[in-house]
Amino acid sequence: MPEYRLKTPALARKVVGLYRKIEQGTVLAYKKIEDRFVDAFLEKVENAAQKEDEEA
């Protein structure tokens with residue numbers, strides 16, 4: 001039995017490619033904002049349970 005798939009016109013491939021570029025740009029911008037937030041407001045804790053014991 002032959003397998004079928006939808007023929008994608010050239011314009012549709014261009015639109016999908018453009019959408020992917022926009023999506024990647026948006027995700028990268030979000031990641032930059034997220035990283036800056038983490039650097040500014042959060043600190044890395046190696047062992048959370050040990051840290052809590054030291055503070056108590």
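Who wins for biggest fluctuation among Glu43, Glu34, Glu23 in a Gaussian network model of the chain, springs between alpha carbons below 10 Å?
Residue with maximal mean-square fluctuation among Glu43, Glu34, Glu23: Glu43.
Any idea what angle helix 10-41 forms with the longest principal axis of the chain, computed on alpha-carbon atoms, 0 to 90 degrees, nearest 10?
So the helix axis and the longest Cα principal axis differ by about 0 degrees.
Lys and Arg at +1, Asp and Glu at -1: add these up for the other residues within a Cβ distance under 14 Å of Val38 and post the number. Intermediate values should be presented prior to the final figure.
Values: positive: Lys31, Lys32, Arg36, Lys44; negative: Glu34, Asp35, Asp39, Glu43.
Around Val38, the surrounding residues sum to 0.
Tell me, what % of the accessible area of the chain is carbon and sulfur with a 1.4 angstrom probe?
Answer for the chain is 58 percent, counting heavy atoms of protein chains only.
With every protein chain present, what is the per residue accessible area of the chain (1.4 Å probe, Å²)? Could you put the intermediate results ahead of the total?
Values: 6230 Å² over 56 residues.
With all protein chains present, the chain gives 111 Å² per residue.
Compute a Gaussian network model of the chain, connecting alpha carbons closer than 10 Å, and tell me which residue from Val27, Val45, Val15 fluctuates the most.
Greatest mean-square fluctuation among the candidates belongs to Val45.
The values are calculated or read from the model by the stated rules, or taken from the named source; none is laboratory data. These figures come from a predicted structure and were not determined experimentally. Here the Cβ is made from the backbone with ideal geometry for all residues, glycine too, and neighbour counts use every protein chain on show. Just the protein is used for accessible areas: all its heavy atoms, side chains included, with ligands, DNA and RNA removed. Shrake-Rupley method; radii C 1.70, N 1.55, O 1.52, S 1.80 Å.
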